[in-house]
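Student: The structure's right below; bear with me while I get my questions together.
The values are calculated or read from the model by the stated rules, or taken from the named source; none is laboratory data. As the structure is a computational prediction, the values presented were derived from the model and not from experiment. Using ideal geometry, Cβ is built from the backbone for each residue, glycine included, and neighbour counts are taken over all protein chains shown.
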Amino acid sequence: MTPAESGPADPDTVAAARSLTRRFGHHVALDAVDLDVRAGEFLTIFGPNGAGKTTLLRTLATLLRPTSGSISLFGIDPRREPEWIRSRLGLIAHSGLLYGGMSARDNLIFYGRMYSVPDPAGRAARLLTAVGLQDRTADLVRTYSRGMLQRLGIARALMHEPELVLLDEPYTGLDQHAARMLRGLLGTLSGEGRTVIMVTHQLEEGLEISSRLMIMARGRIEHDAPAAGMTRASLERLYHDVVDGAAA
Amino acid sequence: MSLPGPARADRPGWLAAAQMLLPLIAGGMAIATLYGAFFYAAREKTMGDVQRIFYFHAPAGIMCFLAFFVTFLASIAYLRTRRRIWDIVGHSSVEAGMLLTSIVLLTGPFWARPVWGTWWTWEARLVWTLVLWMIYAGYLLLRRYTDDPDQQARFAAVMGIVGFLDVPIVYYSVHWWRGHHPLVLKVSGGGGLEPTMRIVFLGGIITYLFLYMALMALRVPLGRMEDDLRRLEASSRARARGRRDMARVT
Amino acid sequence: MNPPPAVTPAGAAAPAATPDSQAAHAARADHHAARRARGPDMGVRAELARAALVAAKDLRIEMRSLDNVPAMFFFALLVLVILSFGFDFSTAKFSDVGAGVLWVAFVFPAVLSFGHAFALERDGECLSGLRLTPADAGTLYLGKLAANIVFMLAMEAAILPLSAVLFGYDLAPVLAPLAFVIAVHSVGFCAVGTLFGAMTARTRRGDVLLPILLFSVSVPLMLAAVRTTSAVLNGGGLWDGLTKTWLVMTCLFDLVFTTAAWLSFQYLLEE
C-alpha cells in the first residue's frame, strides 16, 4: 500500500518513501529505500560520496523521478498534485538557484510571484533583513560571495513559507561567520515547527541541531535513530562502522 | 552455413527463426526483383533501360517513410511506458530508415545523370529526401552526443515525434517551392504504370519491406544485448568500488 | 570483524497518545486543511501569468547585462556585409536575392540566442529552481519562447532599416506586409529553436547540434519565409495566390510545433 493510498492526508507524515529505487543508466543510486518523516522533525542524513543522499533529497524535492517504488509528500503522490506539493516545499541547494544577472531583491520577488506569494516585495525585504543582506539588496547576485549566496539561497527558499525544507550540503564552502549565521537560521526554522531534512558531510554541524540522524551508504539507509544521546565521538565510530560494514 | 548474428544462447524460437528467414526472403525477393527489373518489366518509352533503377529507388523511398513512422510510434510508446524496448525499436528503425534513405539518395543521381544530364537537381522529391535524411541524421547525432542513457532515450523520443510531424510539412513545402518531379506521374501509386512494371514495383516494395524487417530482427536484439552488457559492466564496477572504498569523515 | 550495526527501523514509533498531543495533532490537521485550501494560484490564467513572469525575468536580465541582443545585432550586420561580398548588388536587384540574404542574417544570430536562453539557466542551476516552482514545464517553455521572440524581433527591427540603407531599396512602401511576414516566420523559428535549445543545452557539442537540428526541421519555414519575403519585396500583397498559401502553411507550422514543443517540454526537463 503506497502512502498515497493509505487514506486521507495524514497531517503527521510530511515525506515518505516506499521501496524507492533510482538508477542512473545502470548505476543504482537508491536501493529500495523506505522512509517516513514526521512533521517537525529535523532529520540529518550523513554518508560518503555516492551514498545516494543527494539523490534521495532531490527525489523528495520532486526534481528526480523514481525509477521504481514511490514517494509521497504531505500524504499525496507528487504525480497527482505537483503544483500544490511544490508550493509547500523548499530546496536549499549548493548553487543557490539564483540568477546572477538580477539583483537579490529581484530574484526573491521573481520567485515570490512564481509561488503566488501575497506581497512578494514586502516579504522579500523582511527575509533579506532576516539573513543579514539588507544592505546589498540591489546588487547583482553575481557580485555576492559564497556565504552571501548561501544566505540569499535560504531567503529564496523561504519566500513561500514551505512546510518542508530540504538542504543539500549547506555548510560547504562557508566561512565561520556564515556557518554561524546558517546554524542560527536552521535553529529558527526548527523552532517554527517546519520539517527539515538536511544532507551533509560535516558530522558536528548535523549533530547539534537534529532530532533524528540517518547514515546512508551504497544507496541504502544503514542507520536511522533519534539524535538524543549521540555524541560526536560515538557518531564518528558509528559512521565508520556503518560505512566499512556496507563496503565489506 | 551459419548466419552471422546475435548469440544463440537465449533467443526465443520465433526470433531465431525470424533472424534466419527474413534475410533469406529479402535476399530471394531481391534476386527476383532484379530479374524482373531487367528481364520482365517493359522497357520505358522515353528513358530506356536507365529507368529500371526506379524499381530500387522508389520503393526504398516508401519504406524509409514507414521506418520513420515506426520510430514515431515507438517514441510515443516510450514516453508513455518508459520501457527500454521502445527506445531500442525507435533507434533501430531510424538506423534502418537512414539506410533506406541513403539508398534513395544514392540511386537518384545514377538515374538523374543519364536522363537529365546532371547528378543532382534541386527538384522536389530529391530535396525532400535530402531534408528527411538530415532530420534523422540529426536524430542519430543527438543520441550520440547525449551521454546519460535515460536522457538520450527521452530526447530521442521527442526528436522522433517532432521530426515525423515535420515530414508532411516538408513534403508539401518542397513541392510548392519547386514545382513537380517530372517522373511523379509515373511513380504515383502505380497509376501510370504498365502491368509488368507494376508487378516489379510491387516486388521492389516487398523486397525492401523484408529487408527492413530483417534489419530490425537483427538490430533490436543487438540493442538489448548492448543494454545487458552495460548493466553488467556497471554492476561489476560498483562491486569493485565497494571493495576499495574506505569511509571518509570530515 | 565487528558485528553488523543494528539497523533501526525507519520512523520512530509514535509516542502514546496523550490529551495534549491529541489536541496538537488536531490543531496540525486544521492547519494543514487551511493551507490546502489556500494553494498556489492554479488555472490557465495563473499559468500564463507565470509564463509572463519567466519571460519578464529574461528580459530584465537582458536589459541589465545586454549580453544577447547587441551580439545578435552585430552578428546579423556581419552576415549582411559578408553576403554582400558574395552578391554584386550594383547589378543584382535586392528584391531578387534580398530575401535570402535577409533571412540568413536573421536566423544565424537567432541560433546563438536560443543557446543563450538556456545557458542562462545553467549558472546557479536555475533550471532546477524553475522546476521547483508550481509552474509546469509547458509554462516554462512558453515563457522562454516569448523572451526569444522578443529578442529576435528586436534584432530584426534594428537590422531591417539598416539593410534598406546598405542595399538601397525602398523600405517604406513594403514595411507593413514585410513586418508581418518577418514576424510570423520568426515566431515559428523561435518555437522550434526554444525546444531544441533546451535539448542541446544538456548534450555534448550542443552549440553544433542546435543548428543541425534546427535548420533541418525548419526547412519548410525557411522556404516559406524566403518566398513570401521575396514576393513582398517585389511589391506583392499578402493575399496574392501563392503567398497566401505559404502564409497558411507557416501558421500551421507555428501552431503544430508550438503545441508539440509545449506538450513535450516536460520530457526534456525531467531527470
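Student: In the set B:Gly36, B:Gly28, which member is within 21 Å of the chain's Cα centre (by Cα) and modelled with pLDDT of 80 or more?
Tutor: B:Gly28
Student: Next question. Please go through region B:54-112 and pick out each residue that is of a type in the set (D, E, K, R) and within 22 Å of B:Thr207 (Cβ to Cβ).
Tutor: B:Glu95 - this is the single residue of region B:54-112 that is of a type in the set (D, E, K, R) and within 22 Å of B:Thr207 (Cβ to Cβ).
Student: How many of the residues making up region C:71-94 are modelled with pLDDT of 90 or more and either acidic (Asp, Glu) or exposed (fewer than 13 other Cβ atoms within 10 Å of the Cβ) (or both)?
Tutor: Total satisfying the criteria: 3.
Student: While we're here: Looking at region A:195-217, which of its residues are more than 8 Å from every other protein chain (Cβ to nearest Cβ) and assigned to a helix (DSSP H, G or I)?
Tutor: The answer is A:Glu204, A:Glu205, A:Gly206, A:Leu207, A:Glu208, A:Ile209.
Student: Would you say B:Ala42 is surrounded by 17 or more Cβ atoms within 10 Å (Cβ to Cβ) and either in contact (Cβ under 8 Å) with a residue 12 or more places away in the chain or of a type in the set (Ser, Thr, Tyr) (or both)?
Tutor: So B:Ala42 fails the test.
Student: Sticking with this structure for a sec: Test A:Ala155 against the criterion of being within 14 Å of another protein chain (Cβ to nearest Cβ) and assigned to a helix (DSSP H, G or I), and give yes or no.
Tutor: Yes.
Student: Oh, and also: Condition first: outside any helix (DSSP H, G or I), without any contact (Cβ under 8 Å) to a residue 12 or more places away in the chain and more than 19 Å from the chain's Cα centre (by Cα). Now tell me which residues in region C:64-92 satisfy that.
Tutor: C:Asp88, C:Ser90, C:Thr91, C:Ala92, listed by residue number.
Student: Do we find a residue being at the interface with another protein chain (Cβ under 8 Å from one of its Cβ atoms), closer than 30 Å to C:Leu127 by Cβ and at pLDDT 95 or above anywhere in region C:168-187?
Tutor: no
Student: Going through C:Pro161, C:Pro173, C:Pro109 one at a time, which residue ends up being surrounded by 19 or more Cβ atoms within 10 Å (Cβ to Cβ) and assigned by TED's automatic domain parsing to the domain that holds C:Thr258?
Tutor: Exactly one of C:Pro161, C:Pro173, C:Pro109 is surrounded by 19 or more Cβ atoms within 10 Å (Cβ to Cβ) and assigned by TED's automatic domain parsing to the domain that holds C:Thr258, namely C:Pro109.
Student: Taking region A:89-101, which residues are surrounded by 24 or more Cβ atoms within 10 Å (Cβ to Cβ) and more than 7 Å from every other protein chain (Cβ to nearest Cβ)?
Tutor: Within region A:89-101, A:Leu89, A:Gly90, A:Ile92 meet the criteria.
Student: Does C:Phe257 count as under 25 Å from B:Phe72 (Cα atoms) and at the interface with chain B (Cβ under 8 Å from one of its Cβ atoms)?
Tutor: So C:Phe257 fits the description; yes.
Student: While we're on this one: Every residue in region B:71-83 that is free of Cβ contacts under 8 Å to residues at least 40 places away in the same chain, assigned to a helix (DSSP H, G or I) and farther than 9 Å from B:Gly160 by Cα, please.
Tutor: B:Ala77, B:Arg80, B:Thr81
Student: Quick check on my filter: what residues within region A:218-227 are within 13 Å of chain C (Cβ to nearest Cβ) and either within 14 Å of A:Leu57 (Cα to Cα) or in contact with a Lys or Arg (Cβ under 9 Å, 6 or more places away or on another chain) (or both)?
Tutor: Across region A:218-227, the qualifying residues are A:Arg220, A:Ile221, A:Asp224, A:Ala225, A:Pro226, A:Ala227.
Student: Output the residues belonging to region C:41-56 that are in a loop (DSSP other than H, G, I, E, B) and among the small types (Gly, Ala, Ser).
Tutor: C:Gly43
Student: Would you confirm, using the coordinates I've provided, whether A:Gly96 is under 15 Å from the mean Cα position of the chain (by Cα), at pLDDT 90 or above and not polar (S, T, N, Q)?
Tutor: Taking the combined requirement at face value, the residue does not satisfy it.
Student: Among the residues of region C:247-267, count how many are more than 25 Å from B:Ser173 (Cα to Cα) and either crowded, with 20+ Cβ neighbours inside 10 Å or of a type in the set (Asp, Glu) (or both).
Tutor: 1
Student: Of C:Ala99, C:Ala110, C:Ala105, C:Ala157, which residue is hydrophobic (A, V, I, L, M, F, W, C) and either within 14 Å of chain A (Cβ to nearest Cβ) or more than 16 Å from C:Val181 (Cα to Cα) (or both)?
Tutor: So the residue among C:Ala99, C:Ala110, C:Ala105, C:Ala157 that is hydrophobic (A, V, I, L, M, F, W, C) and either within 14 Å of chain A (Cβ to nearest Cβ) or more than 16 Å from C:Val181 (Cα to Cα) (or both) is C:Ala110.
Student: Surrounded by fewer than 18 Cβ atoms within 10 Å (Cβ to Cβ) and acidic (Asp, Glu): does that describe A:Asp77?
Tutor: yes
Student: Now, a different point. Please go through region C:260-271 and pick out each residue that is within 11 Å of chain B (Cβ to nearest Cβ) and of a type in the set (Phe, Trp, Tyr).
Tutor: Correct list: C:Phe265, C:Tyr267.
Student: From the list C:Leu120, C:Leu153, C:Leu145, exactly one residue is part of a helix (DSSP H, G or I), buried (at least 24 other Cβ atoms within 10 Å of the Cβ), modelled with pLDDT of 95 or more and not β-branched (Val, Ile, Thr). Which is it?
Tutor: After applying the criteria, what remains is C:Leu145.
Student: Restricting attention to region A:236-246, does a residue exist that is within 12 Å of another protein chain (Cβ to nearest Cβ) and outside any helix (DSSP H, G or I)?
Tutor: no
Student: Output the qualifying pairs, or none if there are none: Cβ atoms under 8 angstrom, residues six or more apart or on different chains, first residue in region B:134-159 and at the interface with chain C (Cβ under 7 Å from one of its Cβ atoms) and farther than 14 Å from C:Val208 by Cα, second residue hydroxyl-bearing (Ser, Thr, Tyr) and in a loop (DSSP other than H, G, I, E, B).
Tutor: Cβ pairs passing all conditions: B:Asp147/C:Thr203; B:Phe155/B:Thr146; B:Phe155/C:Thr203.
Student: Report yes if A:Gly40 is within 12 Å of chain C (Cβ to nearest Cβ), under 19 Å from the mean Cα position of the chain (by Cα), buried (at least 24 other Cβ atoms within 10 Å of the Cβ) and at pLDDT 90 or above, otherwise no.
Tutor: It is false that A:Gly40 is within 12 Å of chain C (Cβ to nearest Cβ), under 19 Å from the mean Cα position of the chain (by Cα), buried (at least 24 other Cβ atoms within 10 Å of the Cβ) and at pLDDT 90 or above.
Student: Something else now. I'd like to know if region A:99-113 contains one or more residues that are of a type outside the set (A, V, I, L, M), in contact with a Pro (Cβ under 8 Å, 6 or more places away or on another chain) and without any contact (Cβ under 8 Å) to a residue 40 or more places away in the chain.
Tutor: Within region A:99-113 (the criterion being of a type outside the set (A, V, I, L, M), in contact with a Pro (Cβ under 8 Å, 6 or more places away or on another chain) and without any contact (Cβ under 8 Å) to a residue 40 or more places away in the chain), the answer is yes, since at least one residue qualifies.
For every residue, the table says whether it meets (1) of a type in the set (D, E, K, R); (2) more than 24 Å from the chain's Cα centre (by Cα); (3) at pLDDT 90 or above.
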| site | (1), (2), (3) |
| --- | --- |
| B:Leu142 | no, no, yes |
| B:Ala157 | no, no, yes |
| B:Val174 | no, no, no |
| B:Pro195 | no, yes, no |
| B:Arg248 | yes, yes, no |
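Student: Condition (residue is free of Cβ contacts under 8 Å to residues at least 12 places away in the same chain, away from chain C (no Cβ under 14 Å) and β-branched (Val, Ile, Thr)) applied to region A:114-137: is it met by at least one residue?
Tutor: Checking region A:114-137: at least one residue is free of Cβ contacts under 8 Å to residues at least 12 places away in the same chain, away from chain C (no Cβ under 14 Å) and β-branched (Val, Ile, Thr).
Student: Now for a separate question. Take the residues in region C:205-243 that are more than 12 Å from chain B (Cβ to nearest Cβ) and in a helix (DSSP H, G or I); name whichever of them is surrounded by the most Cβ atoms within 10 Å (Cβ to Cβ).
Tutor: Checked region C:205-243; the qualifying residue surrounded by the most Cβ atoms within 10 Å (Cβ to Cβ) is C:Thr229.
Student: Is one or more of the residues making up region B:40-49 in a helix (DSSP H, G or I), at pLDDT below 75 and in contact with a Lys or Arg (Cβ under 9 Å, 6 or more places away or on another chain)?
Tutor: Checking region B:40-49: at least one residue is in a helix (DSSP H, G or I), at pLDDT below 75 and in contact with a Lys or Arg (Cβ under 9 Å, 6 or more places away or on another chain).
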